[in-house]
Structure formats: C-alpha cells, structure tokens
Amino acid sequence: MADTVQQALRALLDDDTTAIVHDSGNRTWREHLTEASAQASALLSLMDHDRPVHVGALLGNTPAMLHAIAGAALGGFPLVGINNTRRGEGLARDILRADCQVLLTDPEHAPLLDGLDLGDVRVFDVTGSEWRSLVDGAGPLEPFREAQPADPFMLIFTSGTSGDPKPVMLPHMMVLFSGNTLVPRFSITSDDVVYLSMPLFHSNAILAGWCVSLCSGAAMAPATFSASRFLDDVRRYGATYMNYVGKPLAYILATVERPDDADNPLRVAFGNEATDRDIDEFGRRFGCTVWDGFGSTEAAIIITREEGTPPGSIGRGFPGVEVYDPATVQLCPPARFDETGALLNGDEAIGELVNTQGAGFFTGYYNDPQATDERLRDGMFWSGDLAYKDADGWIYLAGRTADWMRVDGENFAAAPIERILQRLPQLSRVAVYGVPDEHVGDQIMAAIVLRDESALSCDEFEKFLAAQADLSPKAWPRYVRIASDLPSTATNKILKRALKDEGATPGDGVLWIRDGAQYRAV
C-alpha cells in the first residue's frame, strides 16, 4: 500500500479507466496524470530549488485544478490552494505568506490579481499559449524529492471565520488515511463518480472528496456548487458520491421539491456541519445515505457519527478528543439535561474541544510558529471550538470560542440555540450571535434565511419559541434579522463576525425586535 500521495498516483499512471468527467471532455487516469506530470516538470524547470518550491493555484473546480493538484504531488512539492473568494491585499498576503514562486490561474480568476504587488511571483494563465508551450516542451518528470508521509502535500488556508486565514501544512499521510477510511466504508470502486463541488483549495474537498478517487480509482466530476444545478449535475455526470461542508445541504433543500428528486444515481453524501433535520431530509428527498462528521482544516480533531447518535450530537470523538476548560486546563464535567433535553449545567460543561494526545495529523501552520504554539498548549491541541460531552461520550457543538454570549449574568452558547431554531419548518439557515446590550453584557440576535416560497410572521415565530420546552426564555433572541442570504466563506460557513460587525440592524432584510414577550418589525 502507498505511503504517500505521490506513490498512490504513480500506481494510476497506466490506468485507462475514467479519471475526470467534465463538460469539456472526459480524461482517463493515464491522460490526466500524463498532463499533470508534464506540468510538474515545467514548473520545476522554472523554480529556484534553493527557495521553498511552492506553487499557488488560483483556480476553480476544473480539470486544470485537478492537474495542478496531481502534478504537485507527483513532482514532490506542495501545492498552495489559494482561496478564490479573497480579494485585494488579503489575496496578495496569502500568496506571499505561502512563499509561492509561481501562481497558476485562468481567465476567470486572473482579474483578481490586477493592481496587486506580488513581488517576483511568476503568474501563468493555464489556458494561455506561453503556459502550453512550456508544458509541451517539458522533459520527463524528475521529482524535486521523494515525498515522505509527514511532508506537506498541500498548504491549505483555514476558512478565516475567526481571524485571518492561516496556511495549514496538510501531510501526505492524512490524505491517504482519509481515503483509505472512506473507500471501504462506502464501498467505493473505480465504477463510481465522485462529485467535487466544494472548493478544491480547501481541506474538505481533499479529505472527503478527492482522496476517495485517489484511493479507489473512481472518476472525479469537478464542478462549481449551485443549489439550482445540483440535481442536473448529479444526473449528467452520473455522480454516485459527493462531499459537502457547511450549509450546501440546506441550500439545496431550500429549492422547491419535485416528485422525481430521488430519481438520480447518488448513493452517498459525506461531509460535516449539516443539521439533523437537513441530514434526514436530504437522504429522504434524494434517495441517498448522508453521513455527517466533524473535522477541522488542521485535522487534529476527528469526530464521527455512528448508529445511535442522539439528536443534536455530532457523534463520538477519536481517542483523545475531550472537552476542557481553557482557564483551568481541566476536563469539563459531563453535560446534564432535564426531561425536555435542555442543558442544565452549561457554565461548567461547555469548554473547548481538545486532542489530549497531541497534534494528531496537524503538523503546523506554515512559517507561523506563534500561531502553531497557540494551538498546541499543555501538550494538547486546542481547536477553538466550544462543545460539551454527555456521560455516554456523545459530543455536542456549542460554537466557536467567540460564540459565548452573556445575557443577564448567564452564559449562553450559540449552537444549542441554533439547533432549536432549526426545528422551524420555514427556516433554511440560521446564525445566532451576540450584540452589545445597551447596559452590560450581550443581547442574543438571530439572522435567518427562509426556504424558497416560505413566509414567517412575528406571531408564528413567538408561538414556535414558546412551544420549545428546552429553550430558556433568556435564550429567546432579542433581535431577529430576516435575510435573503447570510455572509459566508468559500466553504459555506456562515461568517458571523461580519454579522456581528453590523450589529442590531436589518442589513438588506427586515429586523424584528422583542419587546417583552412580543416581536415587532422595526
């Protein structure tokens, strides 16, 4: 069995089964990896081998991006996934921070570089004649190095939901661990088609999608995510497996249901951060199995659902995954619930998710020892995610460490309130966060997006909240923002800090305020 992605790809060099299914034409593994090898050879001829041999890819989910990923692995150097939703100085900072010598882009994304100072970074349009001439004239690939399992396969930036994105060094061994776990779990073979619509510059697409093809020989169908085109894509490409992160299931479920939605080849959807309701609804509506887990870009904490996972829980953690109080560096006591399921001891049970056994697969942030040290404290990895764990070991997310809200002297976490609001049938997506109280502490605010062709009145919302026996009256949102959409990252994670910066305002939607027990539009 291969120890590195480089070795795994070499095993597919002479494979004539389909590797890429795309509107521009299909490619076999032999064709795909021949092109990838030629590109790697061309890149290595351009770069200074005494500097970090790093190539950036500012590309969409296209065959060109797949060639870049495979080429870097075969060439023995890391590819830097550049977030194509970044703009201006932030985009330039990412490219330079990762020490890219060369940047690959295309006509869709090249305009994002206009006016940016990238120093001596060489930029190539992968559709241009200069690049084509370099690739066509490249000699046989002589790798920069034989990769080792702990070497970085890619540099992947964190989502940036709680600060500036940081480049995580994703090791070869983590990619193979993920692929070799998922392939047998879902019985994936070379006859399957993996639908890749999550951004290929992010870890979810690599560790829940691309790696499945690598370790099974299944074909890849790269695409740009669209809720309205999702089902057409699945049918056209014959997709049998898909990965997701964040809210894509909710986006798809917000579209109008049709009687033949389940008439499609999709067997499995695997990802993280979907709600219980969306997991069940997606599986029913599209006739597939949905498996949801939890994992960060750093790959240091892994939590998986299994049979019997209670409602609201994200499952049980791998060995070493615990919930600790960051102030005392002590294990938090188990969560206790009342007969309605309400959390009774949130102040003591909610803490930060940690890996007590160390860094797991996390090998650090590139060229950022301070940020790495902040994650690795007291011999443990600290995730920045709030959670609580019951006496049976089931873990429940409570949000990010910035999601604590203090209302009338009592602490509340955002995620439990969001889970309760998700029971509202008209609701598609929700974000709960704190805004400053006019006197002291916080007030709770909820920004919600309704499903297509749904409506909600203040009176209906009040009655819904009153019927939720496990929702404390203090946890009722003081402010409710009805929005057409919510700001999000490229990986479909709601960007709460952008909402918090706007405060108790309607944005481009409608604002309700709660006076006493009643809501009114303002």
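The values are calculated or read from the model by the stated rules, or taken from the named source; none is laboratory data. Bear in mind the structure is a predicted one, so any value in this text is a computation, not a measurement. No Cβ is skipped: glycine too gets one built from the backbone with ideal geometry, and neighbour counts run over all protein chains shown.
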Which number in (1) over 27 Å from the mean Cα position of the chain (by Cα); (2) loosely packed, with under 12 Cβ neighbours inside 10 Å; (3) in a helix (DSSP H, G or I) marks the one condition that L465 misses?
-> (2)
Looking at P63, P107, which one is surrounded by fewer than 19 Cβ atoms within 10 Å (Cβ to Cβ) and not small (G, A, S)?
-> P107
Looking only at the range 182-212, count how many residues are of a type in the set (D, E) and closer than 16 Å to A269 by Cβ.
-> 1
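Just checking, how many residues over the range 459-490 are within 30 Å of F157 (Cβ to Cβ) and not β-branched (V, I, T)? Show your work before the answer.
Quick first cut of the range 459-490, residues within 30 Å of F157 (Cβ to Cβ) only: 481, 483-490.
Restricting the remaining residues to those that are not β-branched (V, I, T) gives 481, 483-488, 490.
So the count comes out to 8.
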For the range 12-31, does any single residue satisfy the condition of being crowded, with 18+ Cβ neighbours inside 10 Å, of a type in the set (D, E, K, R), part of a helix (DSSP H, G or I) and assigned by TED's automatic domain parsing to the domain that holds T224?
-> no
Across the range 402-437, the tally of residues that are over 20 Å from G503 (Cβ atoms), in contact with a strand residue (DSSP E or B) (Cβ under 9 Å, 6 or more places away or on another chain) and small (G, A, S) stands at 3
Subset of the range 75-94 (residues that are buried (at least 23 other Cβ atoms within 10 Å of the Cβ) and either touching a Leu at 6+ places or on another chain (Cβ under 9 Å) or of a type in the set (A, V, I, L, M, F, W, C) (or both)) | G75, F77, P78, L79, V80, G81, I82
Would you be able to say whether some residue in the range 446-461 is among the charged types (D, E, K, R) and within 30 Å of N84 (Cβ to Cβ)?
-> yes
For the range 468-480, enumerate the residues that are surrounded by fewer than 18 Cβ atoms within 10 Å (Cβ to Cβ) and assigned to a loop (DSSP other than H, G, I, E, B).
-> A469, D470, S472
Those residues that are of a type in the set (V, I, T) and in contact (Cβ under 8 Å) with a residue 60 or more places away in the chain, I need them from the range 1-33; list them, please.
-> T4, V5, T17, T18, I20, V21
Test A483 against the stated conditions and say whether it is within 15 Å of G399 (Cβ to Cβ) and crowded, with 16+ Cβ neighbours inside 10 Å.
-> no
Scanning the range 483-522 for residues that are hydroxyl-bearing (S, T, Y) and outside any loop (DSSP other than H, G, I, E, B) gives S488, Y519
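With the condition kept exactly as written, say whether any residue in the range 270-279 is part of a loop (DSSP other than H, G, I, E, B), at pLDDT below 95 and among the basic types (K, R). Show your work before the answer.
Filtering the range 270-279 down to residues part of a loop (DSSP other than H, G, I, E, B) leaves 273-275.
Filter once more, keeping what is at pLDDT below 95: 273-275.
Retained after the next criterion (residues that are among the basic types (K, R)): none.
Within the range 270-279, none of the residues are part of a loop (DSSP other than H, G, I, E, B), at pLDDT below 95 and among the basic types (K, R).
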So which pairs qualify, if the first residue must be in the range 221-232 and over 14 Å from N492 (Cβ atoms), the second must be of a type in the set (D, E) and at pLDDT 95 or above, the Cβ gap must be under 7 Å, and the two must be at least 6 apart or on different chains?
-> A223/D233; L231/D261
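Please work out if L495 is in contact (Cβ under 8 Å) with a residue 24 or more places away in the chain, surrounded by fewer than 18 Cβ atoms within 10 Å (Cβ to Cβ) and not assigned by TED's automatic domain parsing to the domain that holds A342. Quick ask: steps written out before the conclusion?
Numbers: in contact (Cβ under 8 Å) with a residue 24 or more places away in the chain: yes; surrounded by fewer than 18 Cβ atoms within 10 Å (Cβ to Cβ): yes; not assigned by TED's automatic domain parsing to the domain that holds A342: yes.
For L495, the condition - in contact (Cβ under 8 Å) with a residue 24 or more places away in the chain, surrounded by fewer than 18 Cβ atoms within 10 Å (Cβ to Cβ) and not assigned by TED's automatic domain parsing to the domain that holds A342 - is met.
Starting from residues that are free of Cβ contacts under 8 Å to residues at least 60 places away in the same chain and assigned to a loop (DSSP other than H, G, I, E, B), keep the ones in the range 301-323 and report whichever is surrounded by the fewest Cβ atoms within 10 Å (Cβ to Cβ). Let's see the steps before the verdict.
Here is the first cut: in the range 301-323, the residues free of Cβ contacts under 8 Å to residues at least 60 places away in the same chain are 302, 304-308, 311, 318-320.
Filter once more, keeping what is assigned to a loop (DSSP other than H, G, I, E, B): 305-308, 311, 318-320.
Details: R305: 18, E306: 10, E307: 4, G308: 10, P311: 9, F318: 14, P319: 9, G320: 16.
By that ranking, first place goes to E307.
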M1 passes all but one of (1) over 22 Å from L196 (Cα atoms); (2) of a type in the set (A, V, I, L, M, F, W, C); (3) part of a helix (DSSP H, G or I); which number fails?
-> (3)
